[in-house]
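Some notes on the structure that comes next.
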Amino acid sequence: LIFKRKYFFRMPILMIPNFWAVGMHHWGARHLHVGAGYYLKPEPNNPADKNAVAIVEESGVVKAYLKRENAFIMSRLLIMDISPLWMLKPKEDPCVLSRRLGPQQRCNVGCKISEENLVQAKAFLIEQNIAFEIK
């Protein structure tokens, strides 16, 4: 058990920058806290979008959603089950790019990932033309 725990801490981190959080204003707050950590939870039964990915607090309360284009990529990564825990960190305050769409907030998404799953994730992200970093 101790070996597995040490191995988990030494795993590389896959980080995907520039994902967008939307819909914060529907859940009470007008923004996500910059630098705070949120979890990602797929919502395949969401009637608006079968690829929807909710952004939730540690308590399980939904705070926002990933933008539709980002949710498509993230839902595929979640289905691939390459990591048990994906985190989202807002990097800047929200901005309104369009009055119709409401506030959006730029975020980074990341997870610890095994070397075996890293190969699979890298291939998928390259195929989808998504920028990523390995730390």
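Observations on the structure shown:
- The phi-based Karplus calculation (6.51 cos²θ - 1.76 cosθ + 1.60; θ = phi - 60°) puts the 3J(HN,Hα) values of the range 108-125 at 10, 10, x, 7, 7, 9, 6, 4, 5, 6, 4, 4, 5, 5, 4, 4, 5, 5 Hz, whole numbers, x for Gly and Pro.
- Helix-only CD estimate at 222 nm, as mean residue ellipticity for the chain, using -39500 (n - 2.57) per DSSP H run (n ≥ 4): -8000 deg cm²/dmol
- Computed magnitude of the charge dipole of the chain (debye, nearest 20; Cβ of K, R +1, Cβ of D, E -1): 200
- Look at (i) 12, 45, 35, 7, 0; (ii) 13, 48, 34, 4, 0; (iii) 12, 43, 33, 11, 1, 0: the one that is P(r) over Cα pairs in 10 Å bins from 0, in percent derived from this structure is (iii).
- The chain: angle of helix 68-80 to the longest principal axis, Cα-based, in degrees nearest 10: 30
- Along the chain, longest interval not containing exposed GluC sites (Glu not before Pro), exposed being DSSP loop plus at most 10 other Cβ atoms within 10 Å: 1-57
Read-outs: derived from the displayed coordinates by stated rules, not from any lab. Worth saying up front: this structure is predicted, and the values here are computed from it rather than measured. When we count neighbours, we look across all protein chains shown, and the Cβ atoms used for this are built from the backbone with ideal geometry, even at glycine.
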